[in-house]
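*Asks:* Okay, handing you the structure first.
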Amino acid sequence: MNTNNYVLIMAGGVGSRFWPKSRNNFPKQFLDILGVGKSLLQLTYERFLKLCPKENIFIVTNSQYEEIILNQLKGVTTAQLICEPTRNNTAPCIAYASFKLRALNKNASIIVAPSDHFILYEDIFIDKIKQALNYTEHNQALVTLGISPTRPDTGYGYIKYESHQNNGVHKVVQFKEKPSLEQAKQFLTEGNYVWNAGIFIWKVGSIINALQKYATEIHLLFEKGNLLYNTDAERGFIDEHYPASPNISIDYAVMEQADNVYTIPADFGWSDLGTWASLYETAPKDENNNVISAQHINVAETTNSIIQISNNKLAVIRGLNNFIIVDEGNALLIYPKAEEQAIKQVVSQMTNQLGKEFI
């Protein structure tokens, strides 16, 4: 096992599209969404134990989730938690983590991955990561795993790549925003597009050089702490300076500008589990094409729906098609599955009205 390999698991999101199951104080990455007895974070952590020593796995998160993570990942220490005091998107937290890891090991190879993705074929996933690590070891490249699209999905960003390859590695031509349905169909017809899964592989020197070139403000901010990382003074420096970092994603800050970005198209049974519909697609269904998690329920003339009802509730449901029905705590969601992209906006509006503590 390569001790130069490090993993950054991104676990700071609030998962608002999974409301009301996912809440601000206990987001979806900490939930057993799949019903397998382990949270998505636990499954992600165990997956990466195949690539590096456990002490080389770092969790990038918001400070409020520190206790939850330590409870769920036995053996992980506070030194492995990279806590952001404010949510400023992925570019600042990846920059912070990169400077911190460079101070530990200037030869570090870094894998950045979300904490809440579903991966069915883990052996294929690990092989693709190793392929990317081998490429970045010999080339100053920023590599992203691209997911071979299975349908014209409008909920994902896309990556266009050159057809020419070097052992399965393709140079990226352009990042594409979430497309219209017609655009998504065209992408599939052209064939040289993948979904952007937000899984990155690079050498620590390559990403810091890219930050210096394309995200100068972020680079300068975190460079000031070079002598403080992995010391008792690190937290004070971060708490003081991190909130001033720009709120921007790593895609916008670096990946869409850099000229050394590559992708490896892959198919390992991936879902970002970003929405109730994506969970519906991966979960087993009954004879009416429903996904039901409930103890006391009577369902009639209801099809193509996902239903989650708390065990202490009685539920009677009739005459629905293609709906999301979720009862959790103080909240009830009944929403058309086809319109679920609006749930995040609705939750944001309710948060502004009622406060995040209630939502």
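The values are calculated or read from the model by the stated rules, or taken from the named source; none is laboratory data. Owing to the predicted nature of the structure, the values given are computational and were not obtained by experimental measurement. Every residue, glycine as well, gets a Cβ built from its backbone with ideal geometry; the counts of neighbours run over all protein chains shown. What goes into the accessible areas is simple: the full protein's heavy atoms, side chains included, and nothing from ligands, DNA or RNA. Shrake-Rupley method; radii C 1.70, N 1.55, O 1.52, S 1.80 Å.
*Asks:* Output the residue which, of all residues in region 4-35 that are open to solvent by 10 Å² or more (accessible area, probe 1.4 Å) and of a type in the set (V, I, T), is farthest from L51 (Cα to Cα).
*Replies:* V14
*Asks:* Applying the selection to region 73-93, what residues are outside any strand (DSSP E or B), under 12 Å from I238 (Cβ atoms) and open to solvent by 10 Å² or more (accessible area, probe 1.4 Å)? Explain how you work it out, then say what you get.
*Replies:* Looking only at region 73-93, we keep the residues that are outside any strand (DSSP E or B), and these are 73-80, 85-93.
In the following step, the residues that additionally are under 12 Å from I238 (Cβ atoms) were identified as 85-86, 88, 92-93.
P85, T86, N88, listed by residue number.
A quick yes/no check of all residues on (1) part of a strand (DSSP E or B); (2) acidic (D, E); (3) surrounded by fewer than 19 Cβ atoms within 10 Å (Cβ to Cβ):
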| position | (1), (2), (3) |
| --- | --- |
| A95 | no, no, no |
| F99 | no, no, no |
| N107 | no, no, yes |
| I110 | yes, no, no |
| F125 | no, no, no |
| I129 | no, no, no |
| L133 | no, no, no |
| E137 | no, yes, yes |
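*Asks:* I need every pair where a residue in region 337-359 that is aliphatic (A, V, I, L, M) has its Cβ under 8 Å from the Cβ of a residue that is surrounded by 11 or more Cβ atoms within 10 Å (Cβ to Cβ) and assigned to a helix (DSSP H, G or I), sequence separation at least 6 or different chains.
*Replies:* From region 337-359, the pairs are I343/S16; I343/R17; I343/W276; V347/S16; I359/V347; I359/M350; I359/T351.
*Asks:* If you take the residues of region 9-32 that are in contact with a helix residue (DSSP H, G or I) (Cβ under 6 Å, 6 or more places away or on another chain) and part of a loop (DSSP other than H, G, I, E, B), which of them is nearest to Y96 (Cα to Cα)?
*Replies:* Taking region 9-32 first, the residues in contact with a helix residue (DSSP H, G or I) (Cβ under 6 Å, 6 or more places away or on another chain) are 9, 11, 15-19, 22, 28-30.
Subset that is part of a loop (DSSP other than H, G, I, E, B): 11, 15, 19, 22.
Details: A11: 15, G15: 22, W19: 29, S22: 26 Å.
Filtering region 9-32 for residues that are in contact with a helix residue (DSSP H, G or I) (Cβ under 6 Å, 6 or more places away or on another chain) and part of a loop (DSSP other than H, G, I, E, B), the one nearest to Y96 (Cα to Cα) comes out as A11.
*Asks:* I've got another one for you. Starting from region 242-269, take each residue that is at positive phi and list its partners that are part of a loop (DSSP other than H, G, I, E, B), counting only C-beta distances under 8 angstrom and pairs at least six apart or across chains.
*Replies:* These pairs meet every condition: G269/L120; G269/Y121.
*Asks:* Could I ask something else about it? Counting only residues that are in a loop (DSSP other than H, G, I, E, B) and open to solvent by less than 40 Å² (accessible area, probe 1.4 Å), which one in region 297-319 is farthest from A113 (Cα to Cα)? If you could, list the steps in order and put the result at the bottom.
*Replies:* We begin by selecting, within region 297-319, every residue in a loop (DSSP other than H, G, I, E, B); these are 301-302, 304-305, 309-313, 319.
Cutting the leftovers down to open to solvent by less than 40 Å² (accessible area, probe 1.4 Å) gives us 302, 305, 309-310.
Details: T302: 37, S305: 30, I309: 31, S310: 31 Å.
Among those residues, the one meeting the criterion is T302.
*Asks:* Same structure again: Would you point out the residue of region 243-260, among those that are open to solvent by less than 30 Å² (accessible area, probe 1.4 Å) and among the small types (G, A, S), that is nearest to K171 (Cα to Cα)? Before the answer, list the steps.
*Replies:* Let us first name the residues in region 243-260 that are open to solvent by less than 30 Å² (accessible area, probe 1.4 Å), namely 245, 249-250, 253-255, 258, 260.
In the following step, the residues that additionally are among the small types (G, A, S) were identified as 245, 249, 253, 258.
Values: S245: 30, S249: 21, A253: 19, A258: 11 Å.
Here the residue is A258.
Here is a yes/no grid of residues against (1) surrounded by 20 or more Cβ atoms within 10 Å (Cβ to Cβ); (2) at pLDDT 95 or above:
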residue	(1), (2)
F237	no, yes
Y262	yes, yes
A266	yes, no
L279	yes, no
A283	no, no
D286	no, no
Q295	no, no
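*Asks:* Restricting attention to region 1-28, which residues are touching a Leu at 6+ places or on another chain (Cβ under 9 Å) and without any contact (Cβ under 8 Å) to a residue 60 or more places away in the chain?
*Replies:* Once the filter is applied, which keeps residues that are touching a Leu at 6+ places or on another chain (Cβ under 9 Å) and without any contact (Cβ under 8 Å) to a residue 60 or more places away in the chain, region 1-28 yields M1, S22.
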